[in-house]
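Novice: I am attaching a structure below and will ask some questions about it afterwards.
The values are calculated or read from the model by the stated rules, or taken from the named source; none is laboratory data. Bear in mind the structure is a predicted one, so any value in this text is a computation, not a measurement. Here the Cβ is made from the backbone with ideal geometry for all residues, glycine too, and neighbour counts use every protein chain on show. Side chains are part of the model used for accessible areas, which takes the heavy atoms of the whole protein and leaves out ligands, DNA and RNA. Shrake-Rupley method; radii C 1.70, N 1.55, O 1.52, S 1.80 Å.
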Amino acid sequence: MIGGRRDPGLAADGANDAPAATAQADHRGSSAHLIESQVSQGGRVHRDRNGFVTALAVRTLRQRGLAVPGAMLDGLQSCRSSQGGFRFWPEGAQPDWAPALPDDVDDTAIMALELLRAGRIDLADARRTACLTIARRRIARLPMLHPPWLRLGTFATWSREGAVFDLVDCTATANVLGFLTAIDLSHLPGVGEATAVLEAALRWAGDDELRATSLSPFYPDPAEFVLALEHAAQCGARGLSELHALAAATSWGTHAALRSTHPEYRLCSSPYGVAVWHSPELARLRAWAYEAGRSMQGDFDEHIVAIV
């Protein structure tokens with residue numbers, strides 16, 4: 001995202017040689033239970049632990065009916081800001097190579113929903129969070145040059161004041177629709193517009209992978225868009241089952257879940273992939289969870305310790 005979250009402006013030093021044992025210390029102790037990832041730019045690599053990757057791990061476990069470790073949920077709660085939304089890293093604990101970031105709708109939607117499902121926040125809190133951080137930030141003006149699928153009124157990316165324009169990411173939008181539906185706020189202004197954006201975007205992209213990739217500036221692999229559409233459909237978002245089926249039937253959307261389990265899978269990025277995050281740990285957890293389901297619950301604790 002612009003100027004942060006996935007646009008870190010990586011420093012030239014400290015790359016490649018940071019031992020795994022120091023990852024927690026790099027985040028001043030706030031990321032003790034966050035899934036490890038690596039961010040690369042220009043051939044340099046930083047180890048990272050952030051709430052976004054961890055939230056996707058929590059979602060995967062919950063979707064497969066597997067217990068979520070309380071430590072992971074602690075990690076997500078640490079990413080809640082003083083403004084009430086959620087951020088990529090815990091507030092004030094972003095790595096030295098990254099700027100301080102505002103709340104954003106994608107992290108807020110994913111983390112708040114998982115905390116609600118786990119009983120860490122209540123429905124009233126989730127609704128208040130959605131209204132104050134997501135619903136109040138909608139696209140009011142379009143730049144002269146904009147993608148043909150973009151619509152006024154859809155949700156903006158950042159929870160910040162004073163921005164005239166903002167990028168819209170279709171994967172993040174799908175996550176927002178799933179969250180708002182799950183907390184019974186699908187009647188809010190912006191939901192219909194956001195749904196229309198996703199439909200127009202998928203129709204425009206068709207079977208063209210390059211176009212599909214451009215729909216989500218912060219997700220370099222459109223497979224994650226397919227997974228987000230699937231999750232939103234599971235939450236009951238109106239029209240999302242049809243949109244998920246449409247995306248999953250394309251050449252770029254086929255076998256999305258399987259592709260996301262590859263260690264080199266590009267999970268998220270700065271706008272259009274200048275800096276890219278990979279998480280072999282999340283890929284391994286996804287692969288295990290997809291295969292395990294309920295039948296391997298007994299092996300869960302031992303496996304999860306190796307990840308967190």
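Novice: Can you pull out every residue in segment 279-308 that is modelled with pLDDT of 70 or more and in contact with an Asp or Glu (Cβ under 6 Å, 6 or more places away or on another chain)?
Specialist: Hit for segment 279-308 is Glu281, nothing else.
Novice: Within segment 150-159, does at least one residue satisfy the condition of being open to solvent by 10 Å² or more (accessible area, probe 1.4 Å), in contact with a Pro (Cβ under 7 Å, 6 or more places away or on another chain), at pLDDT below 95 and of a type in the set (S, T, N, Q)?
Specialist: yes
Novice: Moving on. Would you be able to tell me the number of residues in segment 171-200 that are of a type outside the set (Ser, Thr, Tyr) and within 19 Å of the chain's Cα centre (by Cα)?
Specialist: Matching residues across segment 171-200 total 14.
Novice: With respect to Arg136, determine if the residue is in contact with a Phe, Trp or Tyr (Cβ under 6 Å, 6 or more places away or on another chain), open to solvent by 10 Å² or more (accessible area, probe 1.4 Å) and farther than 26 Å from Ala257 by Cβ.
Specialist: Answer is no for this residue.
Novice: Out of (1) at pLDDT 90 or above; (2) surrounded by fewer than 24 Cβ atoms within 10 Å (Cβ to Cβ); (3) acidic (Asp, Glu), what's the single condition that is false for Glu114?
Specialist: Exception for Glu114: condition (2).
Novice: Would you check if there is a residue in segment 55-69 being of a type in the set (Ser, Thr, Tyr), open to solvent by 10 Å² or more (accessible area, probe 1.4 Å), modelled with pLDDT of 85 or more and not in a loop (DSSP other than H, G, I, E, B)?
Specialist: No, there is no match, as no residue in segment 55-69 is of a type in the set (Ser, Thr, Tyr), open to solvent by 10 Å² or more (accessible area, probe 1.4 Å), modelled with pLDDT of 85 or more and not in a loop (DSSP other than H, G, I, E, B).
Novice: Another question, if that's okay. Within segment 226-276, track down each residue that is part of a loop (DSSP other than H, G, I, E, B), surrounded by 15 or more Cβ atoms within 10 Å (Cβ to Cβ) and at pLDDT 95 or above.
Specialist: Hits for segment 226-276 are Cys235, Ala237, Gly239, Thr250, Trp252, Gly253, Ser260, Thr261, His262, Tyr265.
Novice: Take Pro143 and tell me if it is free of Cβ contacts under 8 Å to residues at least 24 places away in the same chain and open to solvent by less than 70 Å² (accessible area, probe 1.4 Å).
Specialist: Here the answer is yes, as Pro143 does meet what is asked.
Novice: Could you grab the pairs with beta carbons closer than 8 Å, sequence gap of 6+ or different chains, first residue in segment 72-84 and at positive phi, second one in a loop (DSSP other than H, G, I, E, B)?
Specialist: As it stands, the answer is Gly84/Asp103, since those pairs meet every condition given.
Novice: Return the residues of segment 172-195 that are in contact with a strand residue (DSSP E or B) (Cβ under 7 Å, 6 or more places away or on another chain), part of a helix (DSSP H, G or I) and free of Cβ contacts under 8 Å to residues at least 60 places away in the same chain; say none if nothing qualifies.
Specialist: Thr173, Ala194
Novice: Follow-up. Quick check: is even one residue across segment 120-128 among the acidic types (Asp, Glu) and either closer than 19 Å to Asp48 by Cβ or in a helix (DSSP H, G or I) (or both)?
Specialist: yes
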